[in-house]
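Enquirer: First the structure, which I've put down as structure tokens, then a few questions once you've had a look.
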Amino acid sequence: MKPVPSALGVGIVLLLLTWLLMRGMNLEARSTEETLHALDRMAIAQSGLQRDILRARSGLLRNYDLINAELDALRDAFRSVRSGGGQTAEITATMHALATALNKQEKLTESFKSTNAVLQNSLSYFSLFSIWLNTYGEARPPPAPIVTALTIASSHADCSGRSSVSGKSYGRCGKWQTEFGRLRARPARC
């Protein structure tokens, strides 16, 4: 009679182990793993976007193709995260907040690209015209010191034009207008 109780005990232990194994299995492990990979791709795209924005701001990145590619990668990774996410209220609220933050970041990036393009264009024209003003003419003094003096004098004046140096600045304005009239009469050399 001894083999029957031990066989029954082994059967119960096997049944218990099978039940624990089935209960401990995560049936959505693949979906969770894909979501984690999508979050990793989002983090990589985010750091690449920040790097490329800093490079564009410093003038090392001449076009915005890399920034646009990073934004596309960020959107694709977010779509993957959204499709793999669960359906709880907390996850839905987090996804909504993340979507709002990504939309805001995209608008700020587009604004940065516009502003930075204007800045880089202005800097290139400024350097071009600074060179032209400094090599204005050999017979007459260059107008760059006159423009610099006018800028300094106007920075001391308030909005109404009153300042302690306003008489001097208005005198310089007359001198600058005379020089500017000569500049306009002379054809540009670039």
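The values are calculated or read from the model by the stated rules, or taken from the named source; none is laboratory data. Not measured: the values here are computed from a predicted model. Virtual Cβ from ideal backbone geometry, glycine too; neighbours counted across all protein chains shown.
Enquirer: Can you say whether Glu138 is of a type in the set (D, E, K, R), farther than 22 Å from Glu70 by Cα and at pLDDT below 65, as far as the supplied structure shows?
Expert: yes
Enquirer: Would you say Arg30 is free of Cβ contacts under 8 Å to residues at least 24 places away in the same chain, part of a helix (DSSP H, G or I) and surrounded by 14 or more Cβ atoms within 10 Å (Cβ to Cβ)?
Expert: So Arg30 does not fit the description; no.
Enquirer: Output yes when any residue across segment 88-104 is charged (D, E, K, R) and either in contact (Cβ under 8 Å) with a residue 24 or more places away in the chain or part of a loop (DSSP other than H, G, I, E, B) (or both), and no when none is.
Expert: No, because not a single residue in segment 88-104 is charged (D, E, K, R) and either in contact (Cβ under 8 Å) with a residue 24 or more places away in the chain or part of a loop (DSSP other than H, G, I, E, B) (or both).
Enquirer: Further question on the same structure: Could you tell me whether any residue of segment 49-59 is more than 28 Å from Ala117 (Cα to Cα) and assigned to a helix (DSSP H, G or I)?
Expert: no
Enquirer: If you check Ser58 against the conditions, is it loosely packed, with under 10 Cβ neighbours inside 10 Å and among the polar types (S, T, N, Q)?
Expert: Criteria met by Ser58.
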